[in-house]
Amino acid sequence: MNQKITLAGVLAALAVGVVFLPLLPGMALIASPLREGEIWLKVLQDGQFPLALQSTVVSALISVCGALALTVLIICGLWPGPRWQSYVRRLPLLLAFPHVAFASGLLFMFSANGWLSRLLHVAFPVDGASLGLGLMLAFKEAWFLLWFASTQLSRSELEQQLIVSRSMGYGPLHSRLLVIIPQLLPRLGWALVAVMTYSLSVVDVAIILGPDNPPTLAVLAWQWMNDGDPQRQAMGMALSALLVVLLAGSGTGGWLLWQGLRRRLGMFSGRRRQTDARLFSSALASGLTVIVMAAGAILLCWSLAESWFYPSLLPEAFSFSGWELARYDRLLTTLWLALASGPIAALSVLLWLEGIPRRFDVLLLLPLFLPALPLAAGQYQVLLRLAQEGTWPAVVWSHLLWVIPYALLVLRPAWQQLDPRHAIAARTLGRSGWQVLWTIKTPLLLRPLLGALAVGFSVSVAQYLPTLYAGAGRFATVTTEAVALSSGGDPQQMAIQALLQVMLPAGMFIFTLQAARLAGHYRQGLR
C-alpha cells in the first residue's frame, strides 16, 4: 500500500515539479541585476516613478477595500437564506466573465465618449488617479471573495450562533456583524492576499482602463522589461521586485490592522440595534449582476454596430459584417491552449491529492500570492536558455503555473469530503491503491473534476503575460488581441474579441454542467 501511495506521490511531484521548479533558476536570473545600486537609483530618479507608485497604491487599496466592503455588505444582508443560495449559484457565471472582457465593457460604458457619457452628458474619470481601474477590480474581485466566503460559511454552528444572538434581542444586521464577521474575516486572509497580489501586478486590465501616462508600476515594469536597452530591462526587473515588497508591506499592514480590530469586533455591549440590511444587500447584489450584464450588452452592441458615432445613443445600423471580418485564428489558438492546460492541471492535482500531504498545498498556491510579472519573466528566462520560447509546449507550460492552483482550490474541498469508508471497503475486498483511485475516488469526484476542468480552462483563456512572454509574441489569443486593440484599435473588433473571450469559458461551463447532469442521471449518488 505504501509503495503504491509513494508512487502516486512521486508522479505528482514530477508533474508539478516540471511546472514549478524551473522557476527557481529563472527567478535567480531576474534577481541578478537587482544587486546593482545604480539600477535602483535610476528607478527612483525616473520621472514616472512617483505617480506610477501613487496610481498603483490607490488602485490596489480601492480594489481590496471595495471588494471586502461589498462582500461584507452582501453577506450581512443575505446569509443564510434562499437569496444567498440563489446568488451563490450565479457566482460561477459571474466569475467566468474574464477580467479583460469586463474591463472592455466598462471602457465602452464609462469612457469620455462612452455610452453613459452620451446619455448623461457627463465625463467619467475612467483613468483619473486609477479610480476606474480600482473600482473595476473591486467589482470583479468581490465575486471571488463571495465565492471563497461561501465555502467558509457552510457551517451549522454559525447558524446556531446567529439564532442565539437573535434570541437575545439583537437585530438581523447587528447579529451578523457580531457573529459572522469576526469569524469570517480571518478565514478570508489568504483570499485578500490573492486579491491584493492581482491588483498590484495586473497589466492587461491596466492597459485597457489606464492610467496611461504614467501607467501603474506593473505596466511600467512590463514596458521597461520589453525595452531593447539592457539597463531599462534591469530597471523593469527592479520594479517587479518592488511589487513584491509592496505586497509584503500591504500584507503586514493588513495583519496589524486586524490585530487592532479583532478585540473590538464581536463584543456584545448590550446595546441592541434592529437594522435590517436585507433589502439594501439584495439591491447591491443585483446591482453587481446588472453591471456585468450591461458590460456584456455594450460589447454585443459594439460588435454588431455598422456605424456608431458620438453622441448617438445607439448605432445607426446593425449588421454581422464585423463578425465576418473578425480573425478567428486567435479563437482557435486560445481554444487549443486551454484544452491542453485544463486536463493536464486536473490530472496533476488529482495525483497531488492522492500522493502528497495537505500541508504542502501552499507550494502549489504560491503563484496566486506572488505578482505575475516576475513569475512570467522568470519563465521566459528559462525558456530563452533552453531555446524553447515561442513553442506550443512552452505556452501550455507557462499557463499551468496559474491553472494548477485554481484546479487545486476547486478539488481540495471535494477531496476532503470523500467518505473514507468507500476506500477502506474497497481495500478489504483486495483492490489496490491505484484501483481505488481510478475506480472509486475518481468517479465520486466526477463533478468537482469537471468543475476544475472548466475553471482551469477559464484561467488559461485569461492569461496575458504568460502568453506574451512564453509565446515570444508568436501566439495571439483573444485576450492578447483585445488588449492590443484597446490602444487605439478598431472598437468593433475589440468588442468581438472580448465577446469571444467570454464565450469560450461560458461554453466550457455549460458543457461541464451538462456532462455532470448526464453522469448524475445514469449514476445516482455521484457528487
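The values are calculated or read from the model by the stated rules, or taken from the named source; none is laboratory data. Note that this is a predicted model, so its numbers are computed, not measured. When we count neighbours, we look across all protein chains shown, and the Cβ atoms used for this are built from the backbone with ideal geometry, even at glycine. Keep in mind that these areas ignore ligands, DNA and RNA; they rest on the heavy atoms of the full protein, side chains included. Shrake-Rupley method; radii C 1.70, N 1.55, O 1.52, S 1.80 Å.
In order along segment 204-220, phi translates into HN-Hα couplings of 4, 5, 5, 5, 6, 9, x, x, 9, 9, x, x, 6, 4, 5, 5, 4 Hz, rounded to whole numbers, per the Karplus curve 6.51 cos²θ - 1.76 cosθ + 1.60 with θ = phi - 60° and x for Gly and Pro.
Here Ala69 and Leu14 are evaluated by their C-beta separation; at R0 = 41 Å the FRET efficiency comes out at 0.40.
Note on Ser312 and Trp255: the extension gain reaches 15.6 nm, defined as 0.36 nm multiplied by sequence separation minus the Cα-Cα distance. Normalised Debye scattering of segment 126-233 at q = 0.14, 0.15, 0.19 Å⁻¹ gives log10 I(q)/I(0) of -0.71, -0.76, -0.96, counting only Cα atoms as equal scatterers and leaving out solvent.
Counting Cα-Cα pairs of the chain in 10 Å increments starting at 0 gives whole-percent bin shares of 4, 17, 26, 27, 18, 7, 1, 0.
In the chain, helical runs assigned H by DSSP with n ≥ 4 each contribute -39500 (n - 2.57); averaged across all residues and rounded to the nearest 500, the mean residue ellipticity at 222 nm is -24000 deg cm²/dmol. Per the Cα gyration tensor, segment 44-136 maps to an equivalent ellipsoid with semi-axes of 30, 20, 12 Å, ordered largest to smallest.
Per residue, the chain exposes 46 Å² of accessible surface when a 1.4 Å probe is rolled over the protein heavy atoms with every protein chain present. Between the alpha-carbon centers of segment 275-309 and segment 351-399, tell me the distance in whole angstrom. A separation of 35 Å, based on Cα centres.
Put the Cα centre of segment 320-335 next to the Cα centre of segment 51-103 and the gap is 31 Å. In segment 141-253, Cα pairs under 8 Å separated by at least six residues give a relative contact order of 19 percent.
What separates the Cα centres of segment 223-239 and segment 438-481 is a distance of 30 Å. Over segment 356-412, all Cα pairs binned in 10 Å intervals from 0 give whole-percent P(r) values of 21, 46, 27, 5, listed from short to long.
Model label sites at Leu366 and Ile424, defined 7 Å from Cα along the beta-carbon direction, differ in position by 3.6 nm. By accessible area, using a 1.4 Å probe on protein heavy atoms only, the chain has 66% of its surface on carbon and sulfur.
Along the chain, the exposed loop sites are chymotrypsin sites (Phe, Trp or Tyr not before Pro) outside DSSP states H, G, I, E and B with at most 16 other Cβ atoms within 10 Å, and the longest stretch free of them is 1-267.
Note on Ser319 and Gln388: with the Förster distance fixed at 30 Å, the Cβ-Cβ geometry gives a FRET efficiency of about 0.10. Taking 0.36 nm per residue of separation and subtracting the Cα-Cα distance, full extension of the segment from Arg272 to Tyr522 would add 84.7 nm.
Relative to the compact-globule estimate of 2.2 N^0.38 Å, the Cα radius of gyration of segment 174-275 comes out at 1.56.
Projecting label points 7 angstrom from Cα along Cα→Cβ for Ala515 and Leu41 puts them 5.8 nm apart. Based on the Cβ-Cβ distance of Trp190 and Leu120, what FRET efficiency does E = 1/(1 + (r/R0)^6) give at R0 = 45 Å, to the nearest 0.05? About 0.65, to the nearest 0.05. Summary value for segment 377-527: 30 percent relative contact order, contacts being C-alpha pairs under 8 angstrom separated by 6+ residues. What net charge do the residues around Gln492 carry, taking every other residue with its C-beta under 14 Å from that of Gln492, with Lys and Arg at +1 and Asp and Glu at -1? The answer is -4.
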